[in-house]
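Just so you know, all these numbers are worked out from the coordinates, no wet-lab data involved. What you see is a predicted model, and the numbers here were worked out from it, not measured in a lab. Here the Cβ is made from the backbone with ideal geometry for all residues, glycine too, and neighbour counts use every protein chain on show.
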Amino acid sequence: MVDAETAELQPSLSDGQREHDLEIMIENVTGGLLDVAARREESTDLYPQIFAEAHVEITDDLAATLTERTEGWPAGLYLAAAIASDSRGDALTITGDDRYVADYLYRESLMQLPESVQRFLRRTAVLDQLCASLCDALLEEPGAEGQLRNLEAMSLFLVPLDRQRRWFRYHVAFREYLLGELRRREPRALPGLRRRAAAWSQSAFCS
């Protein structure tokens, strides 16, 4: 049995070691990074182990809210646990522009894509919902239908909104990340993108 005096003398985990351990925990996430179709109940089952490994306490209510926020994305739960542990605060602050999330999404998704696809993703992130003809008008070039089909086949954070798979949206955290990348890399493109999106919405519809 360890008494209080001995416990005080025991070394605590350094911030550097703690961050290193968290990064290893995140890097070990497999089979779910790009899969946004995971069932939310399955993710709910995962959270006790994930947060225990990060030494973060979380209630069932907070876990349910977090599962909604991550949309059942398993790796998102690991990232949220890392963020909560790093900040020693709120476990529900996961956003696409957080450094853990941004670094992870870049390393595991965008970094592996051609620049033309990265540009398509960044620029179409200004849209709440997207379809091929809207994206063509937004980018002022054809080819969006093929891009959307390829992204959907890759399960790259693209969520279909209808049974015909004409309308889509990006996973909320992925879209936040893409918008951050757009503001960082192409800030001058934003006004024109928004203007063309508004013009399309007044004159055309996806069919």
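Based only on other Cβ atoms within 10 Å, what is the fewest-to-most ordering of ARG169, ARG107? Each step should come with its number before you reach the end.
Working: ARG169 16, ARG107 13.
With the sparsest Cβ surroundings first, the list reads ARG107, ARG169.
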Check: How far apart, in nm, are the 7 Å Cα→Cβ label points at GLU115 and ALA189?
Finding: 1.1 nm
Notebook entry, point to check: Points 7 angstrom from Cα along the Cβ direction at GLN164 and ASP61: gap in nanometres?
Noted result: 4.3 nm
Item checked: Neighbour-count ranking [beta-carbon atoms within 10 angstrom, fewest first] of TRP200, TRP73, TRP167 -> TRP167, TRP200, TRP73
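Fewest to most neighbouring Cβ within 10 Å: what's the order for MET154, MET111? The partial results should precede the final answer.
Numbers: MET154 14, MET111 9.
Lowest count first: MET111, MET154.
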Notebook entry, point to check: Kirkwood hydrodynamic radius for the range 114-202: how many Å is it when counted over pairs of different Cα atoms?
Noted result: 13.0 Å
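Once R0 is set to 30 Å, what does the formula 1/(1 + (r/R0)^6) return for the Cβ-Cβ distance between ALA198 and ARG107, expressed as a FRET efficiency to the nearest 0.05?
On the way: r = 34 Å, r/R0 = 1.14.
It comes out at approximately 0.30.
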